[in-house]
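Step one of this worksheet: look at the structure below.
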2 protein chains.
Amino acid sequence: MASGKILVAQGGGPTAVVNQSLAGVVLEARRHHGITRVYGARHGVRGIVDEDFVDLTQETSHNLELVAHTPASALGSTRDKPDLKYCQEIFKVLQAHGIEHFFYIGGNDSADTVRIVADEARAAGYPLRSIHIPKTIDNDLVGNDHTPGFPSAARFVALAFAGANLDNAALPGVYVGVVMGRHAGFLTAASALGKKFDDDGPHLIYLPERAFVLERFLADVKATHERLGRCVVALSEGIHDGSGTPIAAQLAKDLEHDAHGNVQLSGSGALADLLCEEVKTKLKIKRVRGDTFGYLQRSFVGCVSDVDQREAREVGEKAVQYALWGERDGSVTIERTGFYSVDYRLRALAEVAGKTRTMDAAFVSASGTDVTDAFRLYLRPLLGSGMPDAYRLRPAPVPRVLRPQP
Amino acid sequence: MASGKILVAQGGGPTAVVNQSLAGVVLEARRHHGITRVYGARHGVRGIVDEDFVDLTQETSHNLELVAHTPASALGSTRDKPDLKYCQEIFKVLQAHGIEHFFYIGGNDSADTVRIVADEARAAGYPLRSIHIPKTIDNDLVGNDHTPGFPSAARFVALAFAGANLDNAALPGVYVGVVMGRHAGFLTAASALGKKFDDDGPHLIYLPERAFVLERFLADVKATHERLGRCVVALSEGIHDGSGTPIAAQLAKDLEHDAHGNVQLSGSGALADLLCEEVKTKLKIKRVRGDTFGYLQRSFVGCVSDVDQREAREVGEKAVQYALWGERDGSVTIERTGFYSVDYRLRALAEVAGKTRTMDAAFVSASGTDVTDAFRLYLRPLLGSGMPDAYRLRPAPVPRVLRPQP
């Protein structure tokens, strides 16, 4: 190829390992004599149309390794979802800079951007190789066993619920933890991996794959609280009723709580607060606490799955290899080949772009409020090594002296 | 002593290392031939008056070690704050079971309980040795350099803000993280240890030691946002105006948002949401996100300071040693003796009981919205070893081709 220039960018919500993919692209590309320049666009596609590029050929390998271990998008990210016109702008800039390989690390919207840009290049007869590199904590890309970023976020959620369960056992009551994932429940379901003993929480898990019925939720919480004296609930921010209306919006209306009518439903504590209020008032349970995990779950420093790190690095590396030795554009996907091992494959962009994967039916229990062993087996290896473990006392009771024995 | 029976209990909010102190008491006590039984009361003082005891002499050392590494109170905790009558009930039970040493792991309320129980025993001429063992993530016990539980919670907060800062740099806007600590700002101030580069967040820190003025807050956020294009705020749940009225209550009223008038101010996302709403509407900033760290910060599994673990173990061990070789009741306190080392001391219960320590003036910057280097030096060794670190690209800009250079 003539220019030997490549461009890499990061889009969408940051993850704990998205810089591993960046380092994978940059370090692999720099090994090849044909590659003369490795550019990074700042803040995703926005940086491309603004020509806001940095020359990563002038960054040290050592610092790239350190950045790889740092969460969130080192190049910056964007929420822009380019339409055809925006993609044409992108292509114009790539062409002007003589970019021959375009790598975009992101979710299904980013895959769609890559698809449209690739189409533009083909239509213009311009020799561009365009590769989408998967990334999303939501784990909602089709054609993938799982997506880089999800395992580390899942590790955070599992450990958070392991801790919340211990806290709730020490000071009993009802605890509601709200987890990210608007359409796919994978991350919320990961809470189940925080459970060790039979009576540990989360006792109830509510996924966006099932319609949420408030009365059933209250009955579930009541039954668990009566049985165990406490109840830990994991709940997706995306729960909605049968018609698809978000529960937070519905609750705010039902309760005539206008505050949350104006407050953004995601990125706020509204859903947890409103459900806690329902539990308190309708079930007359005194100690009810809600947490919204918010942004902690996607870029907490120091809670990373080593499996996730390795795979995020490899999808970046493979992307460059597919670009240099392959004959087509595509999206790098992860396939599971053993318990536990993976391999990578380049799928057509149209297979992945703009589509949303949700949880397989086999992963959700018949009750709809728990996961199956199939899901536990699916997720456990992704969480990586060194998962902390919780223990409890196995004590012998002491006979009472003053009161009748229990 | 005649019976050789000791009783240990845990009170108040759980921490990541409170079971280290429990293990310290139990394992040290079991080494002594004079000790015939080590009882644990379930759910603190509540379990004492209910005679809900377990015999920890019948638990293996191995499992006690595993429990020591598990967050939250393994014996269970309570929010009960005993008055004189309650303490008399406690004493009656201790006497009935022939308990000769009473250890209570908790905060300043727990110290006060120990003080009253010790007074009752003395007045009755009953030979009880009563020792308070410090524990609180709030770090608000007087007479202590710091308290077990605080360093691990501080580590969580520092790492959470390091991540939130990276996330906010990737997708710029305003981020408000609300941290526990009703009266003392230590834990909120710990957010400053998540900062590495000069322009890293948290850019503004609001402590309960300073009166919060909404207009000043908005002006601070505006100035930071104009300077950096983003702003990360760390804010204590306990912030209040000059008259001591909690800001959350005030905001809910100002905004005529009745939702949060009924919602508990702590343990909910209300404060973060209401402040984000203010920033959005008054400053016309579009991307504004709030997180309330909630219960994650006190019992997250896998975010523990090794220094905290060691010290929490030692205060339990020392408590038994003071009880067996000392001549008086008291509260075990931590004193700093080097950079970094500590020693322990048994202080009179009245010195610690029922008092609240807040941040020294020397720890808060003149602006009131940052900490000083004195605080950074104070806190850094407590966070322990293996603190993850964040790195960034140091990139060379690429000249534009289509547009004028910036």
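Could you check segment A:14-50 and list, in sequence order, the residues that are over 27 Å from the mean Cα position of the chain (by Cα) and of a type in the set (Asp, Glu)?
A:ASP50
For segment A:131-139, indicate whether the set of residues that are open to solvent by less than 10 Å² (accessible area, probe 1.4 Å), closer than 29 Å to A:ARG46 by Cβ and under 10 Å from the mean Cα position of the chain (by Cα) is non-empty. It would help to see each step written out before you state the result.
The first filter runs over segment A:131-139 and keeps only residues open to solvent by less than 10 Å² (accessible area, probe 1.4 Å), leaving A:131-134, A:139.
Next cut, closer than 29 Å to A:ARG46 by Cβ only: A:131-134, A:139.
Checking which are under 10 Å from the mean Cα position of the chain (by Cα) leaves us with A:139.
Checking segment A:131-139: at least one residue is open to solvent by less than 10 Å² (accessible area, probe 1.4 Å), closer than 29 Å to A:ARG46 by Cβ and under 10 Å from the mean Cα position of the chain (by Cα).
Suppose the filter is within 24 Å of A:GLY125 (Cα to Cα) and either hydrophobic (A, V, I, L, M, F, W, C) or open to solvent by less than 10 Å² (accessible area, probe 1.4 Å) (or both); does A:ALA9 pass it? Walk me through how you get there before you give the answer.
On the way: within 24 Å of A:GLY125 (Cα to Cα): yes; either hydrophobic (A, V, I, L, M, F, W, C) or open to solvent by less than 10 Å² (accessible area, probe 1.4 Å) (or both): yes.
Yes: the conditions hold for A:ALA9.
How many residues does segment A:14-33 contain that are within 12 Å of another protein chain (Cβ to nearest Cβ) and either open to solvent by 10 Å² or more (accessible area, probe 1.4 Å) or in contact with a Ser or Thr (Cβ under 6 Å, 6 or more places away or on another chain) (or both)? First the steps, then the outcome.
Initial filter on segment A:14-33 (within 12 Å of another protein chain (Cβ to nearest Cβ)): A:14-16, A:18-19, A:22-23, A:26.
Remaining after also requiring either open to solvent by 10 Å² or more (accessible area, probe 1.4 Å) or in contact with a Ser or Thr (Cβ under 6 Å, 6 or more places away or on another chain) (or both): A:14, A:16, A:18-19.
The number of residues fulfilling the criteria is 4.
Can you tell me which residue among B:ALA154, B:ALA124, B:ALA160, B:ALA169 is open to solvent by 10 Å² or more (accessible area, probe 1.4 Å), farther than 27 Å from B:VAL38 by Cβ and of a type in the set (Gly, Ala, Ser)? Steps first, please.
On the way: B:ALA154 fails: open to solvent by 10 Å² or more (accessible area, probe 1.4 Å); B:ALA124 fails: farther than 27 Å from B:VAL38 by Cβ; B:ALA160 fails: open to solvent by 10 Å² or more (accessible area, probe 1.4 Å).
Of B:ALA154, B:ALA124, B:ALA160, B:ALA169, the one residue that is open to solvent by 10 Å² or more (accessible area, probe 1.4 Å), farther than 27 Å from B:VAL38 by Cβ and of a type in the set (Gly, Ala, Ser) is B:ALA169.
Consider A:ARG403 carefully, then state whether it is at pLDDT 95 or above, open to solvent by 60 Å² or more (accessible area, probe 1.4 Å) and within 11 Å of chain B (Cβ to nearest Cβ).
Working: at pLDDT 95 or above: no; open to solvent by 60 Å² or more (accessible area, probe 1.4 Å): yes; within 11 Å of chain B (Cβ to nearest Cβ): yes.
Spelling it out, it is not the case that A:ARG403 is at pLDDT 95 or above, open to solvent by 60 Å² or more (accessible area, probe 1.4 Å) and within 11 Å of chain B (Cβ to nearest Cβ).
Take the conditions touching a residue at least 12 places away in the same chain (Cβ under 8 Å), surrounded by fewer than 16 Cβ atoms within 10 Å (Cβ to Cβ) and more than 12 Å from chain B (Cβ to nearest Cβ) and apply them to A:GLY316. Does it pass?
Numbers: touching a residue at least 12 places away in the same chain (Cβ under 8 Å): yes; surrounded by fewer than 16 Cβ atoms within 10 Å (Cβ to Cβ): no; more than 12 Å from chain B (Cβ to nearest Cβ): yes.
No, not satisfied.
If I filter segment B:234-247 for residues that are at pLDDT 75 or above and more than 29 Å from the chain's Cα centre (by Cα), do I get at least one hit? Can you show your working first?
Here is the first cut: in segment B:234-247, the residues at pLDDT 75 or above are B:234-247.
Pick out the ones that are also more than 29 Å from the chain's Cα centre (by Cα) and you get none.
No.
Determine which single condition A:ARG182 fails, assuming it passes every other condition in (1) closer than 22 Å to A:ALA160 by Cα; (2) open to solvent by 10 Å² or more (accessible area, probe 1.4 Å); (3) in a helix (DSSP H, G or I).
(3)
For segment A:347-360, indicate whether the set of residues that are open to solvent by 70 Å² or more (accessible area, probe 1.4 Å) and within 29 Å of A:ALA29 (Cβ to Cβ) is non-empty.
Within segment A:347-360, one or more residues are open to solvent by 70 Å² or more (accessible area, probe 1.4 Å) and within 29 Å of A:ALA29 (Cβ to Cβ).
So which residues in segment A:50-69 are within 7 Å of chain B (Cβ to nearest Cβ) and under 27 Å from A:GLN88 (Cα atoms)?
Filtering segment A:50-69 down to residues within 7 Å of chain B (Cβ to nearest Cβ) leaves A:51, A:53-56, A:58-59, A:63, A:66-67.
Those that are within 7 Å of chain B (Cβ to nearest Cβ) and under 27 Å from A:GLN88 (Cα atoms): A:GLU51, A:PHE53, A:VAL54, A:ASP55, A:LEU56.
Which of (1) within 20 Å of the chain's Cα centre (by Cα); (2) outside any helix (DSSP H, G or I); (3) not aromatic (Phe, Trp, Tyr) does A:ASP198 not meet, given it meets every other one?
Result: A:ASP198 passes all but (1).
State yes or no: is A:ILE105 part of a strand (DSSP E or B) and aliphatic (A, V, I, L, M)? Write out each step before concluding.
Numbers: part of a strand (DSSP E or B): yes; aliphatic (A, V, I, L, M): yes.
When the stated conditions are applied, A:ILE105 passes them.
Scan segment A:185-213 for residues that are surrounded by 24 or more Cβ atoms within 10 Å (Cβ to Cβ) and closer than 24 Å to B:ILE137 by Cβ and jot them down.
Within segment A:185-213, A:SER191, A:GLY194, A:GLY201, A:PRO202 meet the criteria.
Could you tell me whether any residue of segment A:318-330 is within 18 Å of the chain's Cα centre (by Cα) and closer than 17 Å to A:GLY106 by Cα?
Keep residues of segment A:318-330 that are within 18 Å of the chain's Cα centre (by Cα), which gives none.
Checking segment A:318-330: not a single residue is within 18 Å of the chain's Cα centre (by Cα) and closer than 17 Å to A:GLY106 by Cα.
For the condition modelled with pLDDT under 95, over 26 Å from A:SER130 (Cα atoms) and within 14 Å of another protein chain (Cβ to nearest Cβ), what is the one hit in A:LEU296, A:LEU383? Full working, then the answer.
Values: A:LEU383 fails: modelled with pLDDT under 95.
Sole residue among the options that is modelled with pLDDT under 95, over 26 Å from A:SER130 (Cα atoms) and within 14 Å of another protein chain (Cβ to nearest Cβ): A:LEU296.
Of the residues B:PHE156, B:PHE212, B:PHE186, only one is farther than 15 Å from B:GLY290 by Cβ and within 14 Å of chain A (Cβ to nearest Cβ); which?
Values: B:PHE212 fails: within 14 Å of chain A (Cβ to nearest Cβ); B:PHE186 fails: within 14 Å of chain A (Cβ to nearest Cβ).
From the options B:PHE156, B:PHE212, B:PHE186, the qualifying one is B:PHE156.
For segment B:89-101, check the following and say yes or no: at least one residue is in contact with a Leu (Cβ under 8 Å, 6 or more places away or on another chain) and more than 14 Å from chain A (Cβ to nearest Cβ).
yes
Whether any residue in segment B:142-149 is modelled with pLDDT under 95 and either over 17 Å from the mean Cα position of the chain (by Cα) or within 14 Å of chain A (Cβ to nearest Cβ) (or both) is what I want to check.
Checked against the condition, which is being modelled with pLDDT under 95 and either over 17 Å from the mean Cα position of the chain (by Cα) or within 14 Å of chain A (Cβ to nearest Cβ) (or both), segment B:142-149 yields no hits at all.
Among the residues of segment A:81-105, write down those that are surrounded by fewer than 24 Cβ atoms within 10 Å (Cβ to Cβ) and touching a Gly at 6+ places or on another chain (Cβ under 8 Å).
Scanning segment A:81-105 gives a single hit, A:GLU100.
Taking segment A:202-222 as the region of interest, how many residues are closer than 18 Å to A:PHE363 by Cα and part of a loop (DSSP other than H, G, I, E, B)? Quick ask: steps written out before the conclusion?
If we filter segment A:202-222 for residues that are closer than 18 Å to A:PHE363 by Cα, which is where we start, we get A:202-212.
From what's left, part of a loop (DSSP other than H, G, I, E, B): A:202-203, A:207-212.
Residues flagged as closer than 18 Å to A:PHE363 by Cα and part of a loop (DSSP other than H, G, I, E, B) within segment A:202-222 amount to 8.
Give all pairs with beta carbons closer than 6 Å in which a residue from segment B:106-121 that is closer than 9 Å to B:CYS87 by Cβ and open to solvent by less than 10 Å² (accessible area, probe 1.4 Å) meets a residue that is aliphatic (A, V, I, L, M) and outside any helix (DSSP H, G or I); count only pairs at least 6 apart in sequence or on separate chains.
none
The values are calculated or read from the model by the stated rules, or taken from the named source; none is laboratory data. Predicted, not measured: the structure shown is a model, and the values here were computed from it. A quick note on method: Cβ atoms are made from the backbone with ideal geometry, for glycine too, and the neighbour counts reach across all protein chains shown. SASA here: full protein model, heavy atoms, side chains in, ligands and nucleic acids out. Shrake-Rupley method; radii C 1.70, N 1.55, O 1.52, S 1.80 Å.
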